[in-house]
Structure formats: structure tokens, C-alpha cells
Amino acid sequence: MENEAAGELAGKRALITGGAGGIGAACARRLSRLGAVVTVADRDADGAQRVATEIGGEAWQVDLSDTAALEGLALSTDILINNAGIQHIDPVEEFDPATWRRMLDIMLTAPFLLTRAALPGMYAAGWGRVINVSSIHGLVASPYKSAYVAAKHGLQGLTKTLALEAGERGVTCNCVNPGYVRTPLVESQIADQARTNKISESEVLETIMLASSAVKRLVEPDEVADLICWLAGPMSGMATGASWVLDGGWTAR
Ligand code: NAD
């Protein structure tokens with residue numbers, strides 16, 4: 001899906017969380033090429049500023065685990081992409097409750113609060129796009145990733161509920177579910193899985209990440225950005241409440 005229609009998003013403001021790296025940075029660059037004015041939100045202030053400077057956007061340093069600070073916020077944006085995420089791997093009986101809460105805050109409560117903050121402006125404009133970056137693990141489970149799987153499944157429910165509430169007011173809401181994407185998150189996950197499963201990193205790649213893939217390679221961040229930008233654009237008005245998989249056939253098996 002090539003989606004580089006110059007100016008397609010001219011006049012639109014976009015906010016992307018986790019925009020300093022990985023999928024978020026690829027997405028920020030593509031949104032900017034399509035004409036949007038992009039706010040790059042991330043806890044990594046330097047990284048967010050680097051991407052924002054490169055694309056002529058704005059940086060917003062924010063720690064999404066501080067959900068109390070997100071309450072009462074008002075956001076002025078036409079496109080909201082809830083993308084920031086973290087991973088932690090441990091068996092349920094050893095999973096630290098504080099880590100569980102932090103992961104749910106970053107990947108479920110923060111998207112809810114940011115959406116809540118952006119909706120009044122979108123409703124006033126009669127147009128808006130909310131895109132939640134979930135995962136194949138928002139559709140199927142994976143051992144040792146309980147908080148991640150729970151948060152990403154939760155995002156599917158938030159997405160569908162908002163789609164039903166917002167459709168008649170010009171606002172769409174969709175989930176994007178990438179398979180394993182070549183980003184720093186996956187690189188650290190390969191190391192963690194090797195430790196937890198007591199196998200080598202190349203075995204993790206081959207037996208856990210790519211064995212079920214039909215295409216037999218990692219997804220590239222630009223491929224995810226392309227799908228997100230189509231959902232953010234003017235041609236996707238009938239796409240709402242849906243769960244978009246981009247996994248090289250991983251969940252088809
Ligand atoms: P990444 O680690 O490369 O980037 C994540 C970004 O989120 C970083 O810039 C980080 O600083 C930011 N971030 C983390 N915690 C934050 C917090 N508390 N407040 C603000 N910013 C914070 O990860 P990625 O691979 O680009 O992942 C992006 C999204 O895609 C995540 O939600 C992830 O779960 C999802 N995803 C990734 C993959 C994959 O294989 N990489 C697969 C499916 C879904």
C-alpha cells in the first residue's frame with residue numbers, strides 16, 4: 001500500500017506517542033511527508049526533539065506512566081496515534097505487580113486519557129482519527145507476557161467501543177496489530193526471550209518469531225507507518241472499529 005499522496009494531510013495536526021523511536025518515529029516522518037504538523041510525544045526528551053527537529057514538528061516530553069498528570073488534559077489534534085509501549089517478560093507467579101500496573105498505565109490507561117483529552121476538539125471539528133497500536137498479542141496470547149497481552153487485548157475493546165460512540169460524529173477509531181517489527185523493542189525482547197527460554201537469540205528469532213510467519217522476515221517500521229497513515233487519511237472514513245493485522249501471515253496459521 002503506497003500512500004505518499006503529497007499534501008493528503010495538509011492542515012491536519014497529528015500527535016504520536018512513542019514517536020522518538022521505532023514504529024513511532026517512522027510514522028512521524030511519514031505523517032509529516034503527507035503534510036501533517038506532528039507532535040512527537042515521548043518520555044525520551046532528546047529523541048523526541050531529534051525527530052521533531054528533523055520533520056519540523058514539535059516535541060512533547062511526557063511520561064505516560066504518570067497517568068494522574070494526563071487527567072484533565074485538553075489536546076488539540078485531528079489525529080491521535082497511541083503508539084508508546086514497553087515489554088516485560090516473566091511468568092505470572094513472578095510478575096511484579098508494580099510492573100503490571102505500569103504497563104497497563106502506559107499501554108491502556110494513557111491511550112484512554114489522551115483519547116478523552118482529544119475527543120472534544122475532534123467532535124467540534126466533526127473529523128478525527130484515533131489509531132491505537134496494539135499487536136498480534138492483542139489477538140493471541142504469548143507465555144510470560146501477561147501484562148502486555150492484557151493491555152493489548154484491552155486496547156481492542158477500547159477501540160471498538162469508541163468507534164461505536166464516535167462514528168456519527170466524524171471520528172474513526174482503529175487498532176493496528178503488527179507482528180514482530182524490526183525495532184529496539186524487538187531487539188531487547190529477543191535477548192529477554194533467550195534468557196527466559198534458555199535458548200540462543202537466533203533460535204528465538206527462528207522458532208518463536210518467524211516460525212509461524214508466512215513471509216519469514218520481520219516487519220519493517222515503515223510498513224506499519226504506511227498502514228497507520230492510510231487509517232489517518234481521508235480515504236479511510238468507512239474503516240472504524242476494526243483490527244488491522246500486519247504480520248506476514250503470523251496469525252493466519
Ligand atoms: P520502541 O521501543 O522502539 O519505541 C517505543 C517508544 O515508546 C520509545 O521511543 C519509548 O521511549 C517510548 N515510551 C516507552 N515508555 C514510555 C512512557 N512511559 N512514556 C512515553 N513514552 C514512552 O518500540 P516499537 O517497537 O516501536 O513499539 C511501538 C508500539 O508498537 C508499542 O506499543 C509496541 O507494543 C507495538 N508493537 C511493536 C511490535 C514490535 O515487534 N516491535 C510488534 C507489535 C506491536
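Of note:
- Kirkwood Rh, angstrom, the stretch 74-179 [1 / mean 1/r, Cα pairs]: 14.2
- The smallest convex shape that holds all Cα atoms of the stretch 139-253, its convex hull, gives 106 Å³ per residue.
- Here the dipole of the stretch 196-253 is about 220 debye; that uses its Cα centre as origin and unit charges on the Cβ of Lys and Arg (positive) and Asp and Glu (negative).
- Pairwise Lys count, the chain - Cα closer than 30 Å, eight or more residues apart or different chains: 9
- Along each principal axis, taking the top coordinate minus the bottom one, the Cα set of the stretch 1-137 gives 51, 30, 29 Å in descending order.
- For the chain, size of Cβ-based charge dipole, Lys and Arg +1, Asp and Glu -1, in debye: 460
- In units of the rule-of-thumb radius 2.2 N^0.38 Å, the stretch 82-132 shows an alpha carbon radius of gyration of 1.52.
- The modelled label-to-label distance for the pair R253/A141, using points 7 Å beyond Cα in the direction of Cβ, is 1.9 nm.
- Site pair L164 and K216 shows an inter-label distance of 4.3 nm when each label is modelled 7 Å from Cα along Cα→Cβ.
- Per residue, the average separation of C-alpha pairs within less than 8 Å and at least 6 apart gives the stretch 116-229 a relative contact order of 26 percent.
- Of the peptides 78-85, 47-54, the order by per-residue mean of other Cβ atoms within 10 Å, starting with the highest, comes out as 78-85, 47-54.
- The Cα atoms of the stretch 136-195 cover 48, 21, 13 Å along the three principal axes, with the biggest extent listed first.
- With Cα atoms, 0 to 90° folded angle of helix 221-232 axis to the chain main axis: 40
- Solvent-free Debye calculation, one equal scatterer per alpha-carbon of the chain: log10 I(q)/I(0) at 0.08, 0.16 Å⁻¹ equals -0.29, -1.20.
- Here the label points at N197 and A74, each 7 Å from Cα along the C-beta direction, are separated by 5.0 nm in the simple model.
- Cα centroid separation, the stretch 106-143 to the stretch 212-253 (Å): 16
Read the figures in this text as sums done on the coordinates, not as results from a lab. Predicted, not measured: the structure shown is a model, and the values here were computed from it. A quick note on method: Cβ atoms are made from the backbone with ideal geometry, for glycine too, and the neighbour counts reach across all protein chains shown.
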